[in-house]
Amino acid sequence: MTTQAQVRALGEFAQWKFTLEHPGDHIVELHHQGELVARFSQAEATEQSLQAACARHLVIKHGWDGCLWSRSNEGEGT
């Protein structure tokens with residue numbers, strides 16, 4: 001279950017099926033669709049570092065173009 005704190009830490013990336021796991025007392029793991037993406041100590045896991053790891057994973061593994069919305073929505077509202 002994703003908590004409000006996790007959603008806040010992951011920002012928009014929480015909607016893209018990123019999750020945070022806590023396998024130990026001082027470790028935070030970032031997962032995407034069940035795959036381990038990054039591991040952080042709790043002291044270094046900031047919103048910025050978590051979201052940067054999400055973006056890096058999407059670019060490297062999924063060819064993401066950096067757009068946070070679907071390209072199919074372009075032109076709507078004009």
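Where a number appears in this text, it was derived from the coordinates with a stated rule and is not lab data. Fair warning: this is a prediction, and the values are worked out from it, not measured in the lab. Heads up, the Cβs are rebuilt from the backbone with ideal geometry, glycines too, and the neighbour counts pull from every protein chain shown.
Being surrounded by 11 or more Cβ atoms within 10 Å (Cβ to Cβ) and farther than 20 Å from residue 4 by Cβ is the filter here, so list the residues in the stretch 37-52 that pass it.
Taking the stretch 37-52 and keeping what is surrounded by 11 or more Cβ atoms within 10 Å (Cβ to Cβ), we get 37-40, 42, 45-47, 49-52.
Scanning the stretch 37-52 gives 37, 38, 39, 52.
Got a number for residues in the stretch 15-30 being of a type outside the set (Gly, Ala, Ser), loosely packed, with under 15 Cβ neighbours inside 10 Å and either more than 18 Å from residue 56 (Cβ to Cβ) or touching a strand residue (DSSP E or B) at 6+ places or on another chain (Cβ under 7 Å) (or both)? I'd like the intermediate steps shown before the answer.
Keep residues of the stretch 15-30 that are of a type outside the set (Gly, Ala, Ser), which gives 15-23, 25-30.
Among the residues that remain, those that are also loosely packed, with under 15 Cβ neighbours inside 10 Å are: 15, 17, 21-23, 25-27.
Next cut, either more than 18 Å from residue 56 (Cβ to Cβ) or touching a strand residue (DSSP E or B) at 6+ places or on another chain (Cβ under 7 Å) (or both) only: 17, 21-23, 25-27.
Total meeting the criteria: 7.
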